[in-house]
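Here the structure is laid out as structure tokens; the discussion comes afterwards.
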Amino acid sequence: MVLALKWVLREIAGAQEFLGVRIWVANIFKPMYGQTDIASKIISFFMRVVQIILRSIAFILFSIFYFLLFIIYLALPIIIIRETIIHLPTLI
């Protein structure tokens, strides 16, 4: 169980690194492509806000998926034992 939880946390950390939300947040006020005029700064800001929102949603979905996978992993042995006990009289 501990190994499975470590795997889930490692996968979530990998998803965060893959999506790079921290990098987008750290550079939110920096202009893209080194353009320093006001229009480029405004466009860069709003583009990064959209990217942060979409990447955060993707990160949340990744996290939910992996935690659901972990919960299923924990519940599956219990379900199998329960179903075996319920259907055992029909097998005998």
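It is to be established whether one or more residues within the stretch 38-51 are over 26 Å from the mean Cα position of the chain (by Cα) and surrounded by fewer than 11 Cβ atoms within 10 Å (Cβ to Cβ). Yes: one or more hits.
Residues in the stretch 1-23 that are assigned to a helix (DSSP H, G or I) and either without any contact (Cβ under 8 Å) to a residue 12 or more places away in the chain or on the phi > 0 side of the Ramachandran plot (or both): Val2, Leu3, Lys6, Trp7, Leu9, Arg10, Ala13, Gly14, Glu17, Phe18, Arg22, Ile23.
The set of residues in the stretch 24-35 being assigned to a helix (DSSP H, G or I) and surrounded by 12 or more Cβ atoms within 10 Å (Cβ to Cβ) consists of Trp24, Val25, Met32. With the structure loaded, tell me whether Ser63 is assigned to a helix (DSSP H, G or I), in contact (Cβ under 8 Å) with a residue 12 or more places away in the chain and out of contact with any Pro (no Cβ under 7 Å at 6 or more places or on another chain) or whether it fails that test. So Ser63 fits the description; yes.
Yes/no matrix, rows are residues, columns are (1) outside any helix (DSSP H, G or I); (2) under 23 Å from Leu19 (Cα atoms); (3) out of contact with any strand residue (DSSP E or B) (no Cβ under 8 Å at 6 or more places or on another chain); (4) among the hydrophobic types (A, V, I, L, M, F, W, C):
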| residue | (1), (2), (3), (4) |
| --- | --- |
| Ser44 | no, yes, yes, no |
| Ile52 | no, yes, yes, yes |
| Phe67 | no, yes, yes, yes |
| Ile72 | no, no, yes, yes |
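Each value in this text was obtained by applying a stated rule to the coordinates, not by laboratory testing. Just so you know, these numbers come straight off a predicted model, no measurement behind them. Glycine also receives a Cβ, built like all others from the backbone with ideal geometry; neighbour counts cover every protein chain displayed.
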